[in-house]
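All remarks here apply to the structure that follows.
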Amino acid sequence: MKIRSRYIRYGLMTIILAQVIYLALGLGARSFEAYCPFGGMESLWGLFTAGEFSCALGPLNLSLLISLIVLVALSKKSFCGWACPIGFLGELLGRLGGKIWKKRPRISAKMNFRLKLIRYAVLVVALYFTYKTGELILRGYDPFYIIFSGFGHGSAGVISVIVTVAIAIGAFIIPMMFCRYLCPLGAVFDPFSRIGLIKVTRDESSCTSCGNCDDACPHDIPVMTLEKIRHRDCTNCLECVDACPERDTLQVRVEL
Amino acid sequence: MKLPRYIFPILIIAALFGGYFLRTAFTQPSTNINYSNETGATATFIVDGLKCKGTAAFFTTMYDSVPGIVGIQTFATEHKAVITYDPDKITKDSIKAIMETPVLFQDGTREQVFKCVSIK
Ligand code: SF4
Ligand code: SF4
């Protein structure tokens with residue numbers, strides 16, 4: 001019996017989530033923050049101007065960012081679909097939402113495109129304030145920090161609570177809401193994801209246009225109309241491949 | 001070229017390990033202070049409470065006028081301080097005692113900010 005790709009993904013993401021919790025409990029040699037690849041982006045200005053890492057950031061943030069950019073250039077946003085703990089928690093909430101609220105409203109393609117612009121604004125704001133102050137002053141609005149530090153030092157009190165609850169409710173209503181519209185790391189990955197070599201392809205000759213793949217995609221990518229999934233948001237989660245009833249119609253391939 | 005779906009976990013694990021080992025290429029202290037040009041013995045302290053640039057800067061001020069301290073490098077993400085000292089003037093234990101001294105805050109309270117977890 002073939003195991004669903006989702007269960008392989010969930011297995012890997014559970015291991016990574018457990019590692020992050022282990023670090024967050026202070027049991028590792030470094031803080032969990034030292035493993036945040038977005039910290040690599042936040043360090044760039046300090047490194048460029050003063051040769052120093054900002055605040056609680058260090059070499060691991062930067063080296064992970066670089067290795068993940070290489071990963072994304074190879075296999076699109078596979079980090080987001082197969083490894084990111086925030087993406088994983090968001091996906092679990094989204095699945096729960098789908099089970100409870102069967103007929104969730106679907107965001108139109110136009111609105112989806114517009115809302116995705118917010119993540120670029122988040123990226124610009126996060127980098128501007130970090131570069132200006134040298135402090136991670138947006139920690140209080142960052143779900144990765146808020147959740148794993150347990151509303152620790154630097155969180156913004158009741159505002160952090162509101163942000164976390166809003167993101168959780170959003171994930172419940174719109175699948176992958178944070179990843180789609182708010183994640184600044186996703187915005188950094190976008191141009192590299194476009195060139196990602198390993199992607200899902202669709203064989204038009206055996207496709208019956210049943211639409212299962214479109215329904216399964218958590219990022220609302222119109223798989224059924226595409227020959228190669230070059231879309232910047234594709235996380236190679238393989239939900240569409242699992243959902244396709246026609247053998248080998250959707251495949252994972254190396255394609256330009 | 002068709003690929004098996006296991007390519008994704010393999011690539012991700014490779015990227016995470018690759019990133020972990022690549023970090024040594026960017027090793028940079030959070031603070032780096034030399035009080036004199038002398039050479040001396042070096043000890044590495046893992047310090048609970050040393051967690052960012054601000055705490056690292058505060059940590060170094062505790063040794064500002066301590067005789068025998070030659071230099072201090074801190075690595076905040078690793079909670080680590082590498083201290084160069086003159087063993088004829090100061091010992092590792094007294095260096096540890098200094099960092100663990102309770103600090104007097106502006107509101108009049110005294111609190112221990114740093115705790116030495118290990119010395120190498
Ligand atoms: S197109 Fe397929 S692989 Fe890509 S995100 Fe959507 S469901 Fe996942
Ligand atoms: S699920 Fe498969 S057969 Fe159905 S539309 Fe998508 S690619 Fe075609």
Of the residues A:GLU52, A:GLU33, only one is open to solvent by 60 Å² or more (accessible area, probe 1.4 Å), in contact with a helix residue (DSSP H, G or I) (Cβ under 7 Å, 6 or more places away or on another chain) and either within 14 Å of chain B (Cβ to nearest Cβ) or of a type in the set (S, T, N, Q) (or both); which? A:GLU52
List pairs: first residue in the stretch A:102-124 and in the same structural domain as A:LEU136 (by TED's automatic domain parsing) and within 12 Å of A:ILE174 (Cα to Cα), second residue surrounded by 12 or more Cβ atoms within 10 Å (Cβ to Cβ) and charged (D, E, K, R) anywhere in the structure, Cβ distance under 6 angstrom, at least six positions apart or on different chains. A:ASN112/A:ASP220
Can you tell me which of A:SER78, A:SER5 is touching a residue at least 40 places away in the same chain (Cβ under 8 Å), crowded, with 24+ Cβ neighbours inside 10 Å and in contact with a helix residue (DSSP H, G or I) (Cβ under 7 Å, 6 or more places away or on another chain)? A:SER78
Residues that are out of contact with any Pro (no Cβ under 7 Å at 6 or more places or on another chain) and either surrounded by 10 or more Cβ atoms within 10 Å (Cβ to Cβ) or outside any loop (DSSP other than H, G, I, E, B) (or both), drawn from the stretch B:105-119: B:PHE105, B:VAL113, B:PHE114, B:LYS115, B:CYS116, B:VAL117, B:SER118, B:ILE119
Considering only the stretch A:37-111, give the helices (runs of 4 or more DSSP H) lying wholly within it that have at least 1 residues that are among the polar types (S, T, N, Q). A:38-50, A:59-75, A:78-82
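Inside the stretch A:71-91, can you point out the residues that are more than 7 Å from chain B (Cβ to nearest Cβ) and not charged (D, E, K, R)? Quick ask: steps written out before the conclusion?
First, pick out the residues of the stretch A:71-91 that are more than 7 Å from chain B (Cβ to nearest Cβ): A:72-73, A:76-77, A:80-81, A:84-91.
Within the stretch A:71-91, A:VAL72, A:ALA73, A:CYS80, A:GLY81, A:CYS84, A:PRO85, A:ILE86, A:GLY87, A:PHE88, A:LEU89, A:GLY90 qualify.
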Where in the stretch A:125-208 are there helices (runs of 4 or more DSSP H), lying fully within it, with 2 or more residues that are open to solvent by less than 40 Å² (accessible area, probe 1.4 Å), among the hydroxyl-bearing types (Ser, Thr, Tyr) and more than 22 Å from A:ARG232 (Cβ to Cβ)? A:143-149, A:158-173
Output the residues belonging to the stretch A:217-242 that are open to solvent by less than 30 Å² (accessible area, probe 1.4 Å) and either part of a helix (DSSP H, G or I) or within 13 Å of ligand 2 (Cβ to nearest atom) (or both). A:CYS217, A:ILE221, A:VAL223, A:ILE229, A:LEU238, A:GLU239, A:CYS240
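So, restricting to strands (runs of 3 or more DSSP E) that lie completely within the stretch B:1-104, which ones have at least 2 residues that are open to solvent by 70 Å² or more (accessible area, probe 1.4 Å) and not basic (Lys, Arg)?
On the way: elements: B:31-34, B:41-48, B:69-75, B:80-85.
Of the strands (runs of 3 or more DSSP E) lying wholly inside the stretch B:1-104, those with at least 2 residues that are open to solvent by 70 Å² or more (accessible area, probe 1.4 Å) and not basic (Lys, Arg) span B:31-34, B:41-48.
Could you grab me the full set of residues in the stretch A:243-252 that are within 12 Å of ligand 1 (Cβ to nearest atom) and open to solvent by 40 Å² or more (accessible area, probe 1.4 Å)?
First pass over the stretch A:243-252, keeping only residues within 12 Å of ligand 1 (Cβ to nearest atom): A:243-244, A:250-252.
Residues satisfying the conditions do not exist here.
Look through A:LEU44, A:LEU60 and report the one residue that is under 18 Å from A:VAL188 (Cα atoms), surrounded by 22 or more Cβ atoms within 10 Å (Cβ to Cβ) and not acidic (Asp, Glu).
Details: A:LEU44 fails: surrounded by 22 or more Cβ atoms within 10 Å (Cβ to Cβ).
On inspection, the qualifying residue turns out to be A:LEU60.
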Please state which of the following conditions A:SER67 fails to meet, knowing it meets all the rest: (1) open to solvent by less than 10 Å² (accessible area, probe 1.4 Å); (2) at the interface with chain B (Cβ under 7 Å from one of its Cβ atoms). (1)
Of the residues in the stretch B:1-60, how many are without any contact (Cβ under 8 Å) to a residue 12 or more places away in the chain and more than 11 Å from chain A (Cβ to nearest Cβ)? 1
Hey, among A:LEU89, A:LEU136, A:LEU117, A:LEU71, which residue is among the hydrophobic types (A, V, I, L, M, F, W, C) and at pLDDT below 90? A:LEU136
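The values are calculated or read from the model by the stated rules, or taken from the named source; none is laboratory data. The model shown is predicted, which means the values in this text are computed figures rather than measured ones. Counting neighbours? That spans all protein chains shown, and the Cβs are built from the backbone with ideal geometry, glycine included. Side chains included, ligands, DNA and RNA excluded: accessible areas come from the protein's heavy atoms. Shrake-Rupley method; radii C 1.70, N 1.55, O 1.52, S 1.80 Å.
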